[in-house]
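K.L.:
Questions regarding the structure given below will be posed in turn.
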Amino acid sequence: MDTDPEVRAEHAARTSYGRLLALLAARTHDLAAAEDALADAFERALTRWPVDGVPDDPDAWLLTVARNRQRDRWKSAAERTAVPFDEAAHDVPAPGEISDRRLELLLVCAHPDLADASVPLMLNTVLGFTAAQIGAALLVPTATMAARLTRAKKRIAKDRIPFEVPGAADLSGRLGPVLEAVYGSYSIEWPTPPRERHALLLGLAGTVAEAAPSVAEAHGLAALLYLSSARLRARVDEDGRYVPLPLQDPRRWDRDLIAAGHRHLRAAHALGTVGRFQLEAAIGAVHCARGAGEPPDWAHLRRLYDALLGLAPTRGAAVARVAVIAETDGARAGLAALDALDGVERLQPAWALRASLLGRLGDPDAGAAYAKAISLTIDPAERAYLQRRAREIGR
C-alpha cells in the first residue's frame, strides 16, 4: 500500500466511503449530516496525515473524526432540544472492529417510500457516485438528480427509516433495487473501473449474496460480475489494443474469479428460480468454458439469449443475440435480424455489429457503418480497434 497521505486518503474514499457513511447514519438516520461529517474527516485527513503520518487504521481514524463532528453538532445549542445525544450509542469501536452496515444502508435506500430515487440514492451513498455521474448514466439533468437525492435523504431522516435487514419474507422484494444499483454502478465504469472501486463492487456483490443466500438473483448478480471481471485483463493485448471477446486468449482470464462465478451460479441454480442476472451469468460462463483457439458454443448461447429476451428484453441483449445468429446462420441472416430491431439507431454495439457483418459480406456500406460506430464509441481501445478495421475495409 502506498504511504503517500493523499494517495491513502483517496484509497479510503474509494473503498470505505459507503461503509463509513452507513455507520455514521445508522443511528441518526440523517444521511446529509453524516455526509458532511465524513467530508470534514477526509478534509482533516488531507491536512493532518502529511504532518502526523498516516494512521495504522485509516478507517477508524476517519470514523473517529467524523463522529466527533457529529457529537459537536448534536451538543450545540441549536440541536440540543431537537436531537437527543446518546454518548454510549456513538462510541467509536476499537481499531479493526468496524462493522459493515452497507447492506442495511442499501436496504434503507430500497425502502418502498423511496421507490423513485432508490437506485440513484444507492449509487450516491454507498458507492460514492456524484449526482452528475448518476444523472449522466440515467439520462437525467444533474440539477434534477441532485434535487431528487436531497429529497430522498430528507425523507429518510424525517421518517427515521430503520437501518436493518428485514426478514426472509420481505428481503427478496427489497433486494431488487439493490441488485440493480450494484449492476448499474458496474456498468457505469465498464470496461475500465478503477482497481479499488472494481474490488469494492465485487466485494459488495458478494456481501449481498452472503446476506441473502436464499435469493437466487443475488447469487446470479455475483456470478455475472465475477465472470465478466475475469475477462477484463484479456480485453486488451500487451500493447493495449482491444481484443473482441471471441478472439481473447482464455489463458489470460482470471481462473479464481471464474471459479467464484461458477460457485454463485450453482447456488442460484439450486434455488430453483431463474432470473435475468442468472441468465446473463450463464452466458458469461459459456464464453469462459472455451479453450484457446476454440469458438464458444454458439447454439447454447442462442438458447440462453432466447430465454433472456423472453424474461427481460433489452436492446443490448437483442443486439448480442443478433451477433450469435450471425455465427449460427451466417452474416446475411444476422443483418436481417439486426434490421428487424427497433430503437437501436443510437446504440454503439448495433453499429459495430452492422459494420462487421457488412465487412464480412464485402458490402461497400461497411465504411459508413464503421464511421457511425466510431462516432458512438467512448472507450479509446475499442475506438482504435474500429478505426483499424475501417482502414482495412477501405483497402
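K.L.:
Cβ-Cβ below 8 Å, separation at least six or inter-chain, first residue in the range 231-246 and without any contact (Cβ under 8 Å) to a residue 24 or more places away in the chain and over 18 Å from ALA323 (Cα atoms), second open to solvent by 40 Å² or more (accessible area, probe 1.4 Å) and not polar (S, T, N, Q): which pairs?
P.N.:
ARG233/ARG252; ARG233/ASP254; ALA234/ASP249; ALA234/ARG252
Yes or no, residue by residue, for (1) under 18 Å from PRO112 (Cβ atoms); (2) over 16 Å from the mean Cα position of the chain (by Cα); (3) open to solvent by less than 40 Å² (accessible area, probe 1.4 Å); (4) not hydroxyl-bearing (Ser, Thr, Tyr):
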position: ALA137; (1), (2), (3), (4): no, no, no, yes
position: LYS154; (1), (2), (3), (4): yes, yes, no, yes
position: SER187; (1), (2), (3), (4): no, no, no, no
position: LEU201; (1), (2), (3), (4): no, no, yes, yes
position: LEU221; (1), (2), (3), (4): no, no, yes, yes
position: SER228; (1), (2), (3), (4): no, no, yes, no
position: GLU238; (1), (2), (3), (4): no, yes, no, yes
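K.L.:
Taking VAL165 and the conditions (1) open to solvent by less than 20 Å² (accessible area, probe 1.4 Å); (2) hydrophobic (A, V, I, L, M, F, W, C); (3) within 21 Å of LEU107 (Cβ to Cβ), which numbered condition does it fall short on, given that it satisfies the others?
P.N.:
Failed condition: (1).
K.L.:
Please give the number of the condition ASP339 fails out of (1) free of Cβ contacts under 8 Å to residues at least 12 places away in the same chain; (2) open to solvent by less than 50 Å² (accessible area, probe 1.4 Å).
P.N.:
Looking at each condition in turn, ASP339 falls short on (2).
The values are calculated or read from the model by the stated rules, or taken from the named source; none is laboratory data. Treat the numbers as computed from the prediction; the structure is a model and nothing was measured. When we count neighbours, we look across all protein chains shown, and the Cβ atoms used for this are built from the backbone with ideal geometry, even at glycine. To get the accessible areas, we keep the full protein, side chains included, count just its heavy atoms, and leave off ligands, DNA and RNA. Shrake-Rupley method; radii C 1.70, N 1.55, O 1.52, S 1.80 Å.
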